[in-house]
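Written below as structure tokens is the structure these notes are about.
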Amino acid sequence: MLIRPPADIPSSEITPEALYVNRRDFLGRAAGALAAASIGGAALAATARAQGDDDKPNTYEDITTYNNFYEFGTDKSDPAENAKGFKTRPWTVKVDGMVKKPAEYQIEDFLKPHKLEDRVYRHRCVEAWSMVIPWQGIPMAEVIKRFDPLPSAKFVQFQTLLDPQRMPGQQRAVLQWPYTEGLRLDEAMHPLAMFGTGIYGKTLLPQNGAPLRTIIPWKYGFKATKSIVRITFTDTMPRTTWNLAAPNEYGFYANVNPEVDHPRWTQSKERRIGEFRRRATLMFNGYPAVASLYRGMDLRANY
Ligand code: MTE
């Protein structure tokens, strides 16, 4: 497969380390929203921005009102409306499977040992729209190391809460509930992968997957799991919600790949929310540092 160098990103800006950059530059472009979010100095010092001058963060309004979260309805505006009042405390996260330290954590204990980081990532939905989101969260690798997976564990599966009373979309069989997604363990350990807990320095709202979601910026958005209650380590590739719904359309890997079209539309272009023009979609969503995870794989067969 041809891995196309991203057109608009200087190579100096594509390593994970280079995510941590010029605070003033980020502030200049996101000043209003960050002021509103009133995040602390330490968080600001660690603030990252997306790569490329063309990647201005979307507004807090866009990010919190244009959502896919079918548990709260299938229209983009449904989650913000129907998740109002969704309670994310108390919240338990179960860690099980092939791991030395299985446990049921209260969300506070799950998060406690870790320092929250701010990172701005591109977010590309399989539906060919995109955003740039200033996330707050924890590197997934840090959390996984803490659970100590067994050498036999090769995959990790994430599951959303199943509760049709509190998540009314689950009363309809639009998908098989609970929503579930998975990663190969080495993908989950990649420094770009995160557990998300906030946006613009504010605690995550329910429509974005509070209190805990995954963020895998080089994959289509559906690989992210919102409102996670279970994390399972396994030696077999987990079944995933969209793959169960339409296996010919949604594969396990779901890497952003402009060269593999969706059967019903092109994936070579995308529309950034807030813009009219369509821009070129970048291989791995413009994060070529992840390419080594897929060396030797045919990314057309493993879509
Ligand atoms: N997680 C759950 N539980 N239910 C969903 O419907 N939608 C996915 C993903 N995670 C979804 C989910 C899809 S298709 C996308 S594009 C992203 O969430 C959207 O995340 P955002 O609304 O924060 O942009």
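Structure values in brief
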{"item": "Label-point gap, in nm, between ARG89 and GLN176 - each point 7 angstrom along Cα→Cβ", "result": "3.6"}
{"item": "FRET efficiency estimate (nearest 0.05) - Cβ-Cβ, ASP75 to ALA141, R0 41 angstrom", "result": "0.70"}
{"item": "Overall form of region 159-286 per C-alpha gyration tensor (a/c, 1.5; a/b vs b/c)", "result": "rounded"}
{"item": "Cα-projected label distance for GLU249 with ASP62, points at 7 Å along beta-carbon direction, nm", "result": "2.5"}
{"item": "Estimated FRET transfer efficiency when R0 is 51 angstrom, pair ASP109-ALA280 (beta carbons, to 0.05)", "result": "0.70"}
{"item": "Rounded accessible area per residue of region 156-303, 1.4 Å, Å²", "result": "38"}
{"item": "Which listed pairs, of LYS223/LYS269; LYS76/LYS226; LYS202/LYS269; LYS101/LYS202; LYS115/LYS145, have C-alpha distances above 24 Å, in listed order", "result": "LYS202/LYS269; LYS101/LYS202"}
{"item": "By average C-beta atoms within 10 angstrom, highest first, the peptides 231-237, 105-111", "result": "231-237, 105-111"}
{"item": "Selection from GLY274, LEU161, TYR179 lying farthest towards where the dipole of region 13-294 points positive, charges on Cβ", "result": "LEU161"}
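The values are calculated or read from the model by the stated rules, or taken from the named source; none is laboratory data. Quick caveat: nothing in here was measured; it's all calculated off a predicted structure. Glycine also receives a Cβ, built like all others from the backbone with ideal geometry; neighbour counts cover every protein chain displayed. Ligands, DNA and RNA are excluded from the accessible area calculation, which covers all protein heavy atoms including side chains. Shrake-Rupley method; radii C 1.70, N 1.55, O 1.52, S 1.80 Å.
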